[in-house]
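Working notes for the structure below.
The values are calculated or read from the model by the stated rules, or taken from the named source; none is laboratory data. Predicted model, so just to flag it, every value in this text is computed and none were measured. Counting neighbours? That spans all protein chains shown, and the Cβs are built from the backbone with ideal geometry, glycine included. When the accessible area is computed, the model is the full protein with side chains, heavy atoms only, and any ligands, DNA or RNA have been set aside. Shrake-Rupley method; radii C 1.70, N 1.55, O 1.52, S 1.80 Å.
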Amino acid sequence: MTDLTATTSDIDSRLEGHRVELTGYCYRMLGSAFEAEDAVQDTLVRAWRNIEKFEGRSSLRSWLYRIATNVCLDMLNAGNKRARPVDLSGPTPLAQAALNPLPENTWLEPMPDGRILPSVADPAEAAVARESVRLAFVAALQHLPPKQRAVLILREVLAWKAAEVAELLDTSVASVNSALQRARATLTDHQGDAATADAADPLDEEQRKLLERYVAAFEGYDMKALTALLHEDAVMTMPPFDLWLQGHDDIAGFMTSIGASCEGSRLIATSANGTPAFAHYKPNPDGPGFVPWAVQVIDIQDGAITGMHCFLDTPRWFPLFGLPDHLDADAA
């Protein structure tokens, strides 16, 4: 019994050691935080149940990626395709702004860095990992057919050899190379701001000061100070609403009209999708303190904020990010 327990514990530990990188892979494939975690759990359960069939002809890691890929492909065959508001329509003029929610499965979802970015010693490898989980990049991946998506992630992000990918997908090296070429062309057409966003980790001094000024302006609800930090074409999105705004005037106008209840809010720093993020708490309308309102994912480019992506389904996001469900006035 002792030997069996030790063996079971060792298997659990070895499988669990791959959870973060597998979650990052499944998140890139699926665009959903919760579907990615479900896919990884399914992967690890399948691996556990079939561990005696693992013959060691490949590494345990490769075997797990094969299982995870099959799980994701099955999920994507159900027609899942996630998007950002900016992928579905043009910007809404402030005069026409209306909050129309779309179903949860419409939207690309945010993901805490700690759940998808394993610790790596190589700064270049870490930078590639961060860039490949940014909202714009993951949104661009959604335009690829599922197998092309897998090929591009395995080859370009995880740096697998073509022969390794071919073995995983039970296809030829020529097919892998062809799929990669087509995927690159499609990604170039849809990637947009993913290719040009500034690095987020570690933040440099200019970026830290920019974010400090952003927090001060947002908490003070100083629209002049806030818009001074925004790129002239900055966008503000608010899933699950399909509305998105572009430009200083419409963003500031929205925040002082439909969004006026956010005045007096507090922002708590976190990180998501390889970029800076904030937990947004607004004043509690029913008593003291502050209540969850949004997870804000912030895009920065050339010393200005280019995107404020506000995910409003806080009963889902705040537990995922390990954020408290209330802020006391003193604590804030």
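Please go through (1) touching a Phe, Trp or Tyr at 6+ places or on another chain (Cβ under 8 Å); (2) crowded, with 19+ Cβ neighbours inside 10 Å; (3) of a type in the set (Asp, Glu) for Glu263 and return the number of the only condition it doesn't satisfy. The number of the failed condition is (2). Scanning the stretch 156-194 for residues that are hydrophobic (A, V, I, L, M, F, W, C), open to solvent by 30 Å² or more (accessible area, probe 1.4 Å) and within 23 Å of the chain's Cα centre (by Cα) yields Leu158, Ala159, Ala185. Among the residues of the stretch 8-67, those identified as open to solvent by less than 10 Å² (accessible area, probe 1.4 Å), among the small types (Gly, Ala, Ser) and in a helix (DSSP H, G or I) are Gly24, Ala33, Ala36, Ala39, Ala47. For Ala252, state whether it is among the small types (Gly, Ala, Ser), assigned to a helix (DSSP H, G or I), out of contact with any strand residue (DSSP E or B) (no Cβ under 8 Å at 6 or more places or on another chain) and in contact (Cβ under 8 Å) with a residue 12 or more places away in the chain. Yes.
Among the residues making up the stretch 104-124, a single one is open to solvent by 70 Å² or more (accessible area, probe 1.4 Å) and at pLDDT 95 or above: Arg115. Gly90 passes every criterion in (1) more than 18 Å from the chain's Cα centre (by Cα); (2) in a loop (DSSP other than H, G, I, E, B); (3) buried (at least 19 other Cβ atoms within 10 Å of the Cβ) apart from (3). Filtering the stretch 146-160 to residues that are closer than 14 Å to Tyr27 by Cβ, assigned to a helix (DSSP H, G or I) and not charged (D, E, K, R) leaves Ala150, Ile153, Val157.
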